[in-house]
Amino acid sequence: MGRERLQRYSLAGPENQAAVAAGLAGGAWFRSAVPRQRLKELMRRSDGPAIRDTAIWIGLLAVFAGLGIAWWGSWWAVPFFLAYGVLYGSSSDSRWHEAGHGTVFATRWLDQGLYQLASFMIMRDPTTWRWSHARHHTDTLIVGRDPEIAAMRPARLARILANFAGLADVPAAFRLMLVHAAGRLTADEADYVPGPERHKVYRTARIDLAIYGVTIGLAIGFRSWLPVVLIGGPRLYGAFLLQVYGLTQHAGLGENVLDHRLNTRTVQMCVVNRFLYWNMNYHVEHHMFPMVPCFRLAELHEEIKHDCAPPYPSLWAAWREIIPAVLRQLRDQDYFVRRELVAGAAPFHEPGPANDGRGRPPAASAAA
Amino acid sequence: MGQWIAACQADDIDPEDVIPFDHDGRAYAIYRSPDDRYYATDGHCTHEQTLLCDGLVMGAVIECPGHNGRFDYTSGQALGAPVLTDVRTYPVRVAGGIVYIDAG
């Protein structure tokens, strides 16, 4: 049953067409009413905050790398590379995400530049992942449609745990680079990357492989791990926060729903975590209004919180819910966490039996 | 032969903004540029049919609220992924404070 259930997540399988036929694909999602004038204010772009944060981020990367190199060969290098690794292997995820949406900078080339850099660091092809993420927003947690479901039912626990050290994602990224460099896409990628975009995928894979080839060549030539610790390696030893943050977004929540309040979490975080995660903790807000830059999401939260479930007060509170939910889903794939909205909120948008959150096959839901 | 249709009052649109207009079962987006020129396009994004009137106007660019795809609304040109197909534009004229579009 578990294996069959997991196969349903393939975009190349029958679940994709079933979701389309059931009206789950490209569905009409709930959005809180925010006055147009206020929304325009919140959507407005500005270079200042993003330049400031990016300068701090790159500055810290340079400082910690420098200190790590200076102490190379001694245990004093470890904390510096740990900090470097988190900024590289975890925070590049949120930079990739925000720049991919094109909302953080007012100046387009700054956005594109950050997107290319962060994509390289997080080991995601910038083209395939742009399209994958567009699909994730269109069909968030729609089984057979969303290519970015991290915690399936049942969850691939070994994969999730391994990814705290990048041990599943990094080998998969290199396998994909080789596939792309050979001029091919996977079946899932072929479902969402249009033909005219594919040449970019192949070109990027060849460039990335060349960079990693030079890095490994330098490591061999100098008989030192240092080049690998600086380039590529942080995606392994610095990836744990990526998992700590990223799994709070949707794990354990409803599937096949058309309301982000049923499948997405907003988690309150301290200022350090919000810098490292670039305010992606306001994830319900981001999914409901993806045009609002991350710097304005806290304000957007104030505008729509009367329509939502209360935010999780901490990362710990979110994980205290996620762990038992994901473990229970190992034996009960109908189970999901259903949150209570605050009093007076607009009711959940559940237009049909398929949208009750259990993620059952649409045909079975209709018959139930 | 053009078919000029009264779409809205010129003042119905803020500078650097967009509003929806429906006619004969078809959705249009009417734009007012920062320098007070008026333009019209199809109402839906060519990527996934999201309504452009909910998007953000920045200079001569409309950004789609669905996936942040961008068009130059003065020419209809798609400005990059995830929009790859240009959006159709329509001639516009303003007379007596009324915005007319030529829906063809």
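Each reported figure results from applying straightforward, stated rules to the coordinates on display, with no laboratory input. As the structure is a prediction and not an experimental result, all values here were calculated from the model. Cβ sites come from the backbone with ideal geometry, for glycine too, and all protein chains shown count toward neighbours.
Some values worked out for this structure:
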{"quantity": "Contact order relative to length of chain A, as percent, for alpha carbon pairs under 8 angstrom and 6 or more apart", "calculated": "23"}
{"quantity": "Using alpha carbons only: equivalent-ellipsoid semi-axes of segment A:187-283, gyration tensor based, whole Å", "calculated": "34, 24, 10"}
{"quantity": "Cα centroid of segment A:163-229 to Cα centroid of segment A:293-334, whole Å", "calculated": "33"}
{"quantity": "Order of A:Leu236, A:Leu242, A:Leu330 - criterion: other Cβ atoms within 10 Å of each residue's Cβ, fewest first", "calculated": "A:Leu330, A:Leu236, A:Leu242"}
{"quantity": "Å³ per residue enclosed by the Cα convex hull of segment A:1-122", "calculated": "203"}
{"quantity": "GluC sites (Glu not before Pro) restricted to segment A:302-368 and DSSP loop, no more than 11 other C-beta within 10 Å", "calculated": "A:Glu340"}
{"quantity": "Neighbour-count order for B:Val94, A:Val170, fewest beta carbons within 10 angstrom listed first", "calculated": "B:Val94, A:Val170"}
{"quantity": "Three principal axis lengths of chain B [C-alpha, angstrom, descending]", "calculated": "39, 28, 19"}
{"quantity": "Orientation-averaged projected area, Cα convex hull of segment A:258-362 (nm²)", "calculated": "7.6"}
{"quantity": "When the convex hull of its Cα atoms is projected in every direction, mean area for chain A (nm²)", "calculated": "19.1"}
{"quantity": "Proxy reagent accessibility, fewest Cβ within 10 Å first, across A:Trp71, A:Trp278", "calculated": "A:Trp71, A:Trp278"}
{"quantity": "At R0 = 22 Å, FRET efficiency that the Cβ-Cβ distance of A:Glu148 and A:Gln116 yields, to 0.05", "calculated": "0.65"}
{"quantity": "Using a Förster distance of 35 Å, the FRET efficiency for B:Ala6-A:Ala190 (Cβ separation, nearest 0.05)", "calculated": "0.15"}
